[in-house]
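To start, the structure under review is shown below, and the notes come after it.
The values are calculated or read from the model by the stated rules, or taken from the named source; none is laboratory data. Note that the coordinates shown come from a computational prediction; the quantities given were computed from them, not determined experimentally. Backbone-built Cβ (ideal geometry, glycine too); neighbour counts: all protein chains shown.
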Amino acid sequence: MSRTAEGKLVKVLKFVSIIVLVVVVAVVGYGGYVYWRINSGTQRDLGVRYTADDYTRAVTDKAGVGITDPDQLYLGADFQISGSHDVDQTFTEAEISAILNTLNQANGPLKNVQVRLLGKGRGEISAQLDFHKYGLSLDGPFYATGGASSTGSRSASFRADQVVVGDYTVPGWIRDRVGNEVTAWVNDELGKVEGLDIQSAEIGNGAAQFRGSLPTSITGLGDQ
């Protein structure tokens with residue numbers, strides 16, 4: 001399965017549209033001061049530490065997924081998948097952070113990713129944004145906290161409780177769109193992943209449980 005570069009860009013823009021909206025509101029409504037705040041500040045440290053071993057353990061040992069060219073499997077990249085196999089594993093927040101960081105650090109829009117799992121379906125994420133390759137001057141820190149749950153074999157639901165871009169806390173009326181945008185984007189992507197079957201997925205304290213099936217191999221294709 002391969003997505004065209006045009007389709008890929010549309011989906012990336014859908015995913016980051018909430019951030020673009022924040023920029024527009026900042027520039028039009030409040031001028032350069034808020035825009036400066038969006039690109040300033042220090043990334044929030046969630047205290048999650050990981051190494052390359054966490055990535056290998058999660059992807060190879062636990063998930064059993066063979067990933068070719070992980071640097072080309074960043075958010076928005078084209079990819080090809082094949083096969084399917086059963087998985088019943090628990091993934092730590094360090095392993096999940098390592099996966100997101102490894103896939104995005106070289107070429108993706110998220111750097112220095114940390115994911116902290118709070119239990120009862122809730123979690124938080126901290127990262128450094130880098131959207132220059134998409135034509136957006138956005139390189140400040142990003143933080144969000146909220147909830148997530150599986151709603152079907154290839155679908156999930158997300159809720160944002162707080163979103164901070166740079167040192168600017170996103171207003172509630174914009175924040176409320178985050179969950180809807182993320183849910184729509186993720187479900188659109190999940191629906192196209194042949195070999196995926198989510199039977200159960202639960203966020204616990206420090207770890208997440210997954211039971212179902214995953215693709216056997218994934219090849220990152222970058223901006224093809």
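Laid out as a table, the results:
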| item | result |
| --- | --- |
| Tally of residues being within 17 Å of the chain's Cα centre (by Cα) and among the small types (Gly, Ala, Ser) across the range 42-68 | 1 |
| Number of the condition not met by Pro141 [criteria: (1) surrounded by fewer than 20 Cβ atoms within 10 Å (Cβ to Cβ); (2) closer than 17 Å to Tyr168 by Cα] | (1) |
| Selection count where residues are in a strand (DSSP E or B), within 19 Å of the chain's Cα centre (by Cα) and surrounded by fewer than 19 Cβ atoms within 10 Å (Cβ to Cβ), scope the range 69-104 | 2 |
| Checking Val115 against (1) in contact with a helix residue (DSSP H, G or I) (Cβ under 7 Å, 6 or more places away or on another chain); (2) at pLDDT below 95; (3) assigned to a strand (DSSP E or B), the condition it does not meet | (2) |
| Within the range 128-173, tally of residues that are closer than 14 Å to Arg37 by Cβ and not charged (D, E, K, R) | 15 |
| Residue within the range 101-109 that is in contact (Cβ under 8 Å) with a residue 40 or more places away in the chain, closer than 19 Å to Phe158 by Cβ and of a type in the set (S, T, N, Q) present | no |
| Residue within the range 149-160 that is surrounded by 16 or more Cβ atoms within 10 Å (Cβ to Cβ), charged (D, E, K, R) and closer than 30 Å to Gly212 by Cα present | yes |
| Subset tally (residues that are touching a residue at least 24 places away in the same chain (Cβ under 8 Å), touching a Lys or Arg at 6+ places or on another chain (Cβ under 9 Å) and hydroxyl-bearing (Ser, Thr, Tyr)) for the range 154-170 | 1 |
| Tally, over the range 118-130, of residues that are part of a strand (DSSP E or B) and over 17 Å from Ala207 (Cα atoms) | 3 |
| Members of the range 56-100 that are free of Cβ contacts under 8 Å to residues at least 60 places away in the same chain, in contact with a strand residue (DSSP E or B) (Cβ under 6 Å, 6 or more places away or on another chain) and polar (S, T, N, Q) | Ser97 |
| Extreme residue, farthest from the chain's Cα centre (by Cα), among residues of the range 128-161 that are within 15 Å of Gln43 (Cα to Cα) and modelled with pLDDT of 90 or more | Pro141 |
| Residue selected from the range 137-177 under the condition of a type in the set (A, V, I, L, M) and part of a strand (DSSP E or B), by the criterion nearest to Glu202 (Cα to Cα) | Ala148 |
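Residues checked against (1) touching a residue at least 12 places away in the same chain (Cβ under 8 Å); (2) in contact with a helix residue (DSSP H, G or I) (Cβ under 8 Å, 6 or more places away or on another chain); (3) surrounded by fewer than 19 Cβ atoms within 10 Å (Cβ to Cβ):
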site: Gly172; (1), (2), (3): no, no, yes
site: Asp176; (1), (2), (3): yes, no, yes
site: Glu189; (1), (2), (3): yes, yes, yes
site: Glu194; (1), (2), (3): yes, no, yes
site: Asp197; (1), (2), (3): yes, no, yes
site: Pro215; (1), (2), (3): yes, no, no
